[in-house]
Amino acid sequence: MSVTDQTVASGRGKVRAGRPGAVWALPAVLFFTFFAVVPMALAFYLSFTKWDGLGDPKPVGLANWQKLLDDPRLTQSLTLTVLLTAASWAFQTVVALLLGVWAAGRQRNRAVLSAIFFVPFLLSSTAISVLFYALLDPNFGIIQKDTLGSSSGAFLAIVFVGGWQFIPFHTLIYQGGARQIPQVLYQAAAIDGAGRYRQFFSITLPQLRHTITTSTVLIVVGSLTYFETVLILTKGGPGTDTAILPYLMYEAGFKTYDFGYASAIASALVLAATGLSLVLIRLTGFGGMRSTREGM
Amino acid sequence: MESNRGRSTGSTGTAFSRRWVLGAGASALLTTGLSACGSGEGSGGGGDTITAFVYGDDAVKVQAAAVARFNKSAASKTAKGKVKLEKIPGSDYLPKLRTAMGSPSAPDVFFNWGGGSIKAYQEAGKIVDLTDVIENDPVLKNGFLPSVLAAGDLKGRHYGIPMRGMQPVILFYNKTVFAEQKIQPPTTWDQLLDVNTKLKKAGITPFALGGSDVWPELMWLEYLVDRIGGPEVFRRIQDGDAEGWGDPAVLEAAEMVKELIDDGAFGSKFTSVSYVNGGAPAVFAKGKAAMHLMGSWEYSTQLGKFPDFAKSNLGWAAFPKIEDGVGDVRNVVGNPTNYWSINPRTQNKDAAIAFLKDCASEAYAKDLVALGDVPTTSNAAALLSSAPNPEYAKFQYDLVQQAPAFTLSWDQALGDELGTKMHTEIGKLFTGKSSPSEFVSACKGLK
């Protein structure tokens, strides 16, 4: 409230130059509070209750959290989630980085191709998953193998489909990042006799490190909440071999109707995702906002 | 819970956005969201219009016709109420019903599978005990096959009125393939293994199986356990004794399943084949697999997707006998039918009951028959000659009519929580992640 008052007060007086008032952030803050903070707080509250969705939630203290720690499926889920995150990061980062740097060139064909690359990102995850589910059909699809029925096949399919959808987005980020790199650096390097590879590893990559951080945080947090693809492609199967944490949460909530336990898993995920992104930002020095153009 | 016509868990069109899932724990918000796009005004409150939630597949035409008929009827005027039907896509049905029932816009009448599927509602006082209503009303009391009425019971009390066709699990076979290979549908287990050998030699997978959905796999265990140990084995588990999983019949059934898998009876890719997206029915209809153990809705599925196959090449038989088993070969597993139940919070119970009576009418039964279903009404037998395939309808009716025991699909009988956990264990057994003995001990630990 004081923020608003202050802004109004300052607005009434002299016009402040340069910075808009905090009131400009109000709609976003309200939306975020209503659609993110409130549901999260409710989920956190529900994690201390037992609720089957019919009666009223009954407080059970730490029982759900205890159950979470004792759940043998949690270890498997966590491992899978970490593996999925790592594999998605590696796949998406390598491809998107290369594509992005390539697309940062100015030729006309690159602009056209970049626009085409971006198409998968415009489709909904559900549509993409349904599409790949049909393509991977063991009897009538294009790859007539037991892809989704084998553990490694199902896992790789999830990584691939996720990559197929999100690589365009990260490519766009890298394209933007690469275009920001001053051309003089490349000109100087060329004079010194550096070849294309040397230029890539000594100029492009270091200059893109903040872009890499941004993209990494997005991929990691995104992979932690990966869900639709798993639900549609494998339903956590074969057996429980692709039952990552969000799927475990869905199952607890909407198949066994144990909303308290599902909320505990959800809360744990929020905590993990927040913690992880903080760690990433700290480790990479992204929070320091140091300039990428050191030495310029 | 899963074993129903076209039942899919999110394999079609359900967009669960990330935010939505993160907020899933906060179902309080979700509930408001669902009800906002759900039943609208008048449901749960107001005496004029009552809302009925129904599983929205092809068979919903019958309920839509019933609603139209009822809204014009004298009974509707007497009860001062009309019915509004909410057709909910199959994959969303259960979660939507569950969240709506906890909200102010709960339906007055709702579709369910009886037995374990309504246990949570019964315990929460969200379902009307219809025992006395049925006892005191000749239309309802004499309108249905008693065994079907009883199959949806909880502890001997009726909570639902049968409202769809019977859905026994049947062994379907491809007549053309069988004729070409000069084989007969198996009536004993030895014959079945023999038929398998011949089919494999000819390069044909013996059985189609939608393994990625898990519930088609469950059908094998249901029949095997019943044939080996009789219906009492599962009855004990259903009544809450997890030690019942330790019955030798369960282990033997699991071992037989494993032998079938190792032997290639389901081919090598069944774990990624789905029933609900049409994969398994297509494998079967195209002759890649010779047989398909499936609920009676397989006929209408095939009729919709491969009409020529359904009309001329689709054969059916009862599940074979197992030589040293004690279970009666006439026993049936599957879903006796679906039921309508009433929410106690309804403002117009008279209208709800009057509407449910329509399910016992001849007009309603005729609509079901026309769709290829076999009604569970006592007048059904006389109507079967007008079915799209009277021979099939008669087979199904006799199968259920003569069955000494009709075991409700295990997942339905156990309810959502246990049923889901059991699915996980069955999935592990069929993918070879656990051995038959590990399966048994894991099931004993389920609670």
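The values are calculated or read from the model by the stated rules, or taken from the named source; none is laboratory data. Treat the numbers as computed from the prediction; the structure is a model and nothing was measured. Because the Cβ atoms are built from the backbone with ideal geometry, glycine has one as well, and the counts that use them run over all protein chains shown. Heads up: the accessible areas ignore ligands, DNA and RNA and are worked out on the full protein's heavy atoms, side chains in. Shrake-Rupley method; radii C 1.70, N 1.55, O 1.52, S 1.80 Å.
With the cut-off at 1.5 for a/c, could you classify the stretch B:199-242 from its C-alpha gyration tensor as rounded, prolate or oblate? Intermediate results must be reported in sequence, preceding the final value.
Values: a/c = 5.78, a/b = 2.15, b/c = 2.69.
It is oblate, given that a/c is not under 1.5 and a/b is not larger than b/c.
Would you kindly give the portion of the calculated P(r) for the protein assembly as shown that falls above 53 Å, as a percent of all Cα pairs? Walk me through the numbers on the way to the answer.
Details: 51603 of 275653 pairs.
In whole percent, the share of Cα-Cα pairs in the protein assembly as shown beyond 53 Å is 19.
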Check your understanding: Which residues of the stretch A:116-142 end up with at least 50 Å² less accessible area in the presence of all protein chains than when their chain stands alone, using a 1.4 Å probe?
Key -> A:Thr126, A:Tyr133, A:Pro138, A:Asn139, A:Phe140
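Are there any chymotrypsin sites (Phe, Trp or Tyr not before Pro) in the stretch B:135-173 that are in a DSSP loop and have at most 12 other Cβ atoms within 10 Å? List them by number. Write down the numbers at each step before the final one.
On the way: sites: B:Phe144, B:Tyr159, B:Phe172, B:Tyr173; in loops: B:Tyr159.
Taking the stretch B:135-173 and a limit of 12 other Cβ atoms within 10 Å, no loop chymotrypsin sites (Phe, Trp or Tyr not before Pro) are found.
Would you calculate a helix-derived [θ] at 222 nm for chain B, using -39,500 (n - 2.57) for each DSSP H run of n ≥ 4 and dividing by the full residue count, to the nearest 500?
Values: 23 runs with 204 residues, N = 447.
The helix-only estimate for chain B comes to -13000 deg cm²/dmol at 222 nm.
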Exercise for review: Mind computing the radius of gyration and Dmax over the alpha-carbon atoms of the stretch B:84-239? Å is fine for both.
Suggested key: 20.8, 61
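So, with a 1.4 angstrom probe, what is the percent of accessible area on the stretch B:342-388 that is carbon and sulfur?
Details: 800 of 1710 Å².
It is 47 percent, rounded to a whole number.
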**Study point:** Accessible surface, per residue, of the stretch B:398-443 when the full set of protein chains is kept, probe 1.4 Å, Å²
**Key:** 31
Exercise for review: May I ask for the angle, rounded to the nearest 10°, between helix B:390-402 and the longest principal axis of chain B, with both axes built from Cα atoms and the value confined to 0 to 90°?
Suggested key: 90
Point to revise | Cα→Cβ-extended label distance, 7 Å offset, between A:Ala22 and A:Gln199, nm | key: 4.8
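Share of the stretch B:204-332's accessible area from carbon and sulfur, percent, 1.4 Å? Write down the numbers at each step before the final one.
Numbers: 2000 of 4160 Å².
Of all accessible area on the stretch B:204-332, carbon and sulfur atoms account for 48 percent.
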Review point. Relative to the longest principal axis of chain B, what angle (0 to 90°, nearest 10) does the C-alpha long axis of helix B:248-262 take?
Key: 60
Check your understanding: What distance in nm separates the simple spin-label points at A:Phe140 and A:Phe31, each placed 7 Å from Cα in the Cβ direction?
Key -> 4.1
Study note, to complete from the structure: Between B:Val273 and residues 5 or more places away or on another chain, the pairs with built amide H atoms under 5 Å apart involve B:Gly211, B:Ser212
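Between B:Ala242 and B:Thr188, what FRET efficiency comes out of the Förster formula 1/(1 + (r/R0)^6) with R0 = 30 Å and r the beta carbon distance, rounded to 0.05?
Working: r = 32 Å, r/R0 = 1.06.
Result of the calculation: an efficiency of 0.40.
Please report the carbon-and-sulfur percent of the accessible area for the stretch A:105-240; probe 1.4 Å, protein heavy atoms only, DNA, RNA and ligands left out.
Working: 4180 of 6310 Å².
About 66 percent, which is the carbon plus sulfur part of the accessible surface.
If you take the accessible area of B alone plus A alone and subtract the pair, what total do you get in square angstrom, rounded to 100, with a 1.4 Å probe?
Working: alone 18130 and 17680 Å², together 31420 Å².
The summed interface area works out to 4400 Å².
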**Study point:** Spin-label pair B:Glu180/B:Thr78, simplified geometry with 7 Å Cα→Cβ offset, distance in nm
**Key:** 5.9
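Could you work out [θ]222 nm for chain A from helices alone, using -39500 (n - 2.57) per DSSP H run of at least four and dividing by all its residues? Round to the nearest 500 deg cm²/dmol. Intermediate values should be presented prior to the final figure.
Working: 15 runs with 193 residues, N = 296.
So the helix-based figure for chain A works out to -20500 deg cm²/dmol.
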Exercise for review: Treating the angle as unsigned and between 0 and 90°, give the value, to the nearest 10°, between the Cα long axis of helix B:60-72 and the longest Cα principal axis of chain B.
Suggested key: 20
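Please compute the per residue accessible area over the stretch B:174-284 with all protein chains in place, 1.4 Å probe, rounded to a whole number of Å².
On the way: 4040 Å² over 111 residues.
Dividing the accessible area of the stretch B:174-284 by its residue count gives 36 Å².
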Revision key, fill the gap. Sorted by chain and then number, the residues having a modelled amide H within less than 5 Å of the amide H of B:Phe144, at least 5 places away or on another chain, are B:Ser378
Review point. Near B:Lys87, which lysines are there with a Cα under 25 Å away, not counting those fewer than 8 places off in the same chain?
Key: A:Lys235, A:Lys255, B:Lys61, B:Lys72, B:Lys77, B:Lys96, B:Lys119, B:Lys126, B:Lys305, B:Lys349, B:Lys357, B:Lys366
Check your understanding: Which cross-chain or sequence-distant (5 or more) residues have an amide H under 5 Å from the amide H of B:Ile50, H modelled 1.01 Å from N in plane?
Key -> B:Lys82, B:Val83, B:Lys84
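Determine, from the Cβ-Cβ distance of B:Asn136 and B:Lys311 and an R0 of 41 Å, the FRET efficiency 1/(1 + (r/R0)^6), rounded to the nearest 0.05. Display every interim value, and only then the final one.
Details: r = 45 Å, r/R0 = 1.09.
Efficiency at R0 = 41 Å is approximately 0.35.
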**Study point:** Those residues of the stretch B:212-231 for which accessible area with every protein chain present is at least 20 Å² below the isolated value (1.4 Å probe)
**Key:** B:Ser212
Check your understanding: Under unit Cβ charges (Lys, Arg +1; Asp, Glu -1), what dipole magnitude, rounded to 20 debye, does the protein assembly as shown have relative to its Cα centre?
Key -> 3380
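Between B:Asp324 and A:Ala63, what FRET efficiency follows from the Cβ-Cβ distance if R0 is 60 Å, with the result rounded to 0.05?
On the way: r = 46 Å, r/R0 = 0.77.
Calculated transfer efficiency: 0.85.
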**Study point:** Estimated dipole of the stretch B:41-150 in Debye, rounded to 20 [Cβ of Lys and Arg +1, of Asp and Glu -1, Cα centre]
**Key:** 320
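When averaged across all projection directions, what area in nm² does the alpha-carbon convex hull of the stretch A:91-222 cover?
Values: hull surface 38.5 nm².
Taking a quarter of the hull surface, the average projection is 9.6 nm².
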Review point. Can you list the HN-Hα couplings for the stretch B:416-430, worked out from phi with the Karplus curve (6.51, -1.76, 1.60; θ = phi - 60°), rounded to whole Hz and with x for Gly and Pro?
Key: 4, 5, 5, x, 5, 5, 5, 3, 4, 5, 5, x, 5, 4, 6
Practice item. Go through the stretch B:381-389 residue by residue and turn each phi into a ³J(HN,Hα) via Karplus (6.51, -1.76, 1.60, θ = phi - 60°); whole Hz please, and just put x for glycine and proline. Key: 3, 5, 8, 5, 5, 8, 5, x, 9
Review point. Cα centroid distance between the stretch B:229-301 and the stretch B:379-447, in Å?
Key: 9
Check your understanding: In square angstrom, what is the accessible area per residue of the stretch A:238-287 with a 1.4 angstrom probe?
Key -> 31
Practice item. Using the Karplus curve 6.51 cos²θ - 1.76 cosθ + 1.60 with θ = phi - 60°, work out ³J(HN,Hα) for each residue of the stretch A:271-277 in order, rounded to whole Hz, and write x for Gly and Pro. Key: 4, 4, 5, 5, x, 5, 5
Check your understanding: Do you know which residues of the stretch B:251-271 lose at least 10 square angstrom of accessible area in the protein assembly compared with their chain on its own, with a 1.4 angstrom probe?
Key -> B:Ser268, B:Lys269, B:Thr271
Practice item. With just the Cα atoms of chain B, tell me how far they stretch along each of the three principal axes, in Å, largest first. Key: 66, 50, 38
